[in-house]
Amino acid sequence: MEQNDFNLLQQEVQKIIDLIAAKNGKEANNKLVEISQQLDDFLDFSDDDADLIEISRYQVLLNQLHQKINELN
């Protein structure tokens, strides 16, 4: 994966955080599902250890954000 992929991923995760802050749980959840699918795709096509570690960090973060979204609903 390229650094650019992770930069875009970071921007998308920030959008989820912003939606949670705005108490827009439905849109935040939709964005989270979209990003989770992207992460799964990255995971399927990556064999670099550093990429796998970074992907797992994002997975943990998305799980935490999912819990926050559930608290909004």
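The values are calculated or read from the model by the stated rules, or taken from the named source; none is laboratory data. All values reported here derive from a predicted model rather than from experimental measurement. Positions of Cβ are generated from backbone atoms using ideal geometry, with glycine treated the same way; all protein chains shown enter the neighbour counts. Quick note on the areas: whole protein, heavy atoms, side chains included, nothing else; ligands and nucleic acids left out. Shrake-Rupley method; radii C 1.70, N 1.55, O 1.52, S 1.80 Å.
At-a-glance table
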quantity	calculated
Top-ranked residue in region 62-73 [being of a type outside the set (Val, Ile, Thr) and surrounded by 15 or more Cβ atoms within 10 Å (Cβ to Cβ); ranked as farthest from ASN30 (Cα to Cα)]	LYS68
Residue ID - nearest to ASP18 (Cα to Cα), chosen from residues in region 50-61 that are open to solvent by less than 70 Å² (accessible area, probe 1.4 Å) and among the hydrophobic types (A, V, I, L, M, F, W, C)	LEU61
Check on LEU19, over 21 Å from MET1 (Cα atoms) and aliphatic (A, V, I, L, M)	yes
Residue pairs meeting the criteria (Cβ under 9 Å; at least 6 apart or on separate chains; first modelled with pLDDT under 95, in region 1-28; second in a helix (DSSP H, G or I) and open to solvent by 80 Å² or more (accessible area, probe 1.4 Å))	MET1/PHE45
Unique residue being among the acidic types (Asp, Glu), open to solvent by 70 Å² or more (accessible area, probe 1.4 Å) and not in a helix (DSSP H, G or I) when the list is ASP40, ASP47, ASP18	ASP47
